[in-house]
1. Take segment 334-370 and flag every residue that is in a loop (DSSP other than H, G, I, E, B) and either in contact with an Asp or Glu (Cβ under 7 Å, 6 or more places away or on another chain) or polar (S, T, N, Q) (or both).
2. Could you tell me which numbered condition Asp182 fails, if it satisfies all but one of (1) touching a strand residue (DSSP E or B) at 6+ places or on another chain (Cβ under 7 Å); (2) closer than 26 Å to Leu344 by Cβ; (3) charged (D, E, K, R)?
3. Looking at this structure, is Val158 of a type in the set (A, V, I, L, M, F, W, C), in a loop (DSSP other than H, G, I, E, B) and either within 30 Å of Ala130 (Cβ to Cβ) or in contact with a Phe, Trp or Tyr (Cβ under 7 Å, 6 or more places away or on another chain) (or both)?
4. Mind checking which residues of segment 69-113 are at pLDDT 95 or above, assigned to a loop (DSSP other than H, G, I, E, B) and of a type outside the set (Lys, Arg)?
5. With the requirement that a residue be of a type in the set (A, V, I, L, M, F, W, C), part of a loop (DSSP other than H, G, I, E, B) and surrounded by fewer than 19 Cβ atoms within 10 Å (Cβ to Cβ), what does segment 114-139 give you?
6. If you scan segment 315-346, which residues turn out to be of a type in the set (S, T, N, Q) and within 14 Å of Ser78 (Cβ to Cβ)?
Amino acid sequence: MARHRLVLSLLVAALLCAGLAAAGCGRSAGSGPTGGPVIGKTGGQSSAARELGFPLFATKNTTRVGGGDPTADAAGVSRAVYSGTSATTRPTAVTLVDSGNWQAGVAASVLMSPPVRAPILLAVASGLPAASSSALSALDPTGSKPADGVQVIGVGRVAKPGGYKTLRLSGATPFALARQVDRFQTAAAGRPSDTVIVTTAENAGFAMPAAAWAAKSGDPVLYVTKDRVPPDTVAALQAHQQPKIYLLGPTSAISDKVMPQLRRLGTVRRIAGPDPVANAIAFARYVDGTFGWGVVDPGHGLVFANQSRPLDAAAAAPLSATGTYGPLLLTQGGKLPIPLVQYLLDIQPGYQKDPVRGVYNHGWLIGDQGAISLADQSRIDSLLEIVPVSGSGGSSQPAS
């Protein structure tokens, strides 16, 4: 244990930003992104139902984090997971991720897993957007003991907020940056994981679902190109000492040329669907021992995001690691994809006598109507609803 603490201390010392400020305290909670539901409307106000946020904010089976961009979504999710009203509802650390770097966001999602448990906020090199600054002040991280009291972990080119003990993880390429995140997670955990997710650095839609699993499991995300395993990824995998490698993405994104390169570094299994929507469903269904969601039956949390907003995967990652947990599923905008509808029908809850004795699905929707329309939210809500079933196991009424 003493040796582990020494190694971690040396790593943190090597990576800490120059001129660390003492931990700040007593920050007041700021307001979150504007435009959300309004609390306290009364029945005498004609706009009460609309301004309370129904059905856009929530329906009976869905809750929306309705940011106009991933920065606002990350701020909203972090406050949903950590209310910040007491020491026990504040995170020990917060991860700041470059809002222009989806690869950094997906890789950094592993820091939401134990032992650090750091939600993600988005920033840029010049400063923190208002939503992120407000959320950080409200969260007021207490300092992570496994990370030598670090309060803010910067991943990529992000500003250093004043008043916090801050660690900077950097890399010139997505492969190098993911390796640095993995090194930090390994040091904090005290050992390398025996399982690693490898995915594409070139096609965000296929990589997005990895963020949810990394946040839940602590399995790191490393990157490859279509035909090659870059040196930084090789070095990272070598540090895991012949791990189980799960390759996320089809051959159109990661060719079979990568397989023999990875097999020299560990055992390899591919999880794939032909497009991002199907790929996310394949990952949601997948199970291999203790790896994988294995969501093939009712009674689960689910997270929905639009594949055109890849940083929403990182923003939403804490929802897959707390509360009802659950995999990330993808939409495309427009009409809900048929494979997603079919998957939700497959896992739709049912009951024969009493719905109170049944199990339930719940969906978190990430983004405003530009990401997931109200029509899609209503459709998802109906597909998550528990329904009466006949004695043979079939539903006695179709989902609307």
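The values are calculated or read from the model by the stated rules, or taken from the named source; none is laboratory data. Remember, predicted model here, so these are calculated numbers, not experimental data. Cβ: placed from backbone, ideal geometry, glycine included. Neighbour counts: every protein chain shown.
1. Selection gives Leu336, Ile347, Gln348, Gln352, Asn361, Gly367, Gln369.
2. (2)
3. yes
4. Asp69, Tyr82, Pro91, Thr92, Ala93, Ser99, Gly100, Asn101, Ser113
5. Ala125
6. Correct list: Ser320, Thr322.
Per-residue answers, yes or no, for (1) surrounded by fewer than 20 Cβ atoms within 10 Å (Cβ to Cβ); (2) farther than 20 Å from Thr267 by Cα; (3) touching a helix residue (DSSP H, G or I) at 6+ places or on another chain (Cβ under 6 Å):
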position: Ser144; (1), (2), (3): no, yes, no
position: Gly149; (1), (2), (3): yes, yes, no
position: Gly156; (1), (2), (3): no, yes, yes
position: Pro174; (1), (2), (3): no, yes, yes
position: Thr199; (1), (2), (3): no, no, yes
position: Met208; (1), (2), (3): no, yes, yes
position: Ala211; (1), (2), (3): no, yes, yes
position: Tyr223; (1), (2), (3): no, no, yes
position: Asp227; (1), (2), (3): yes, no, no
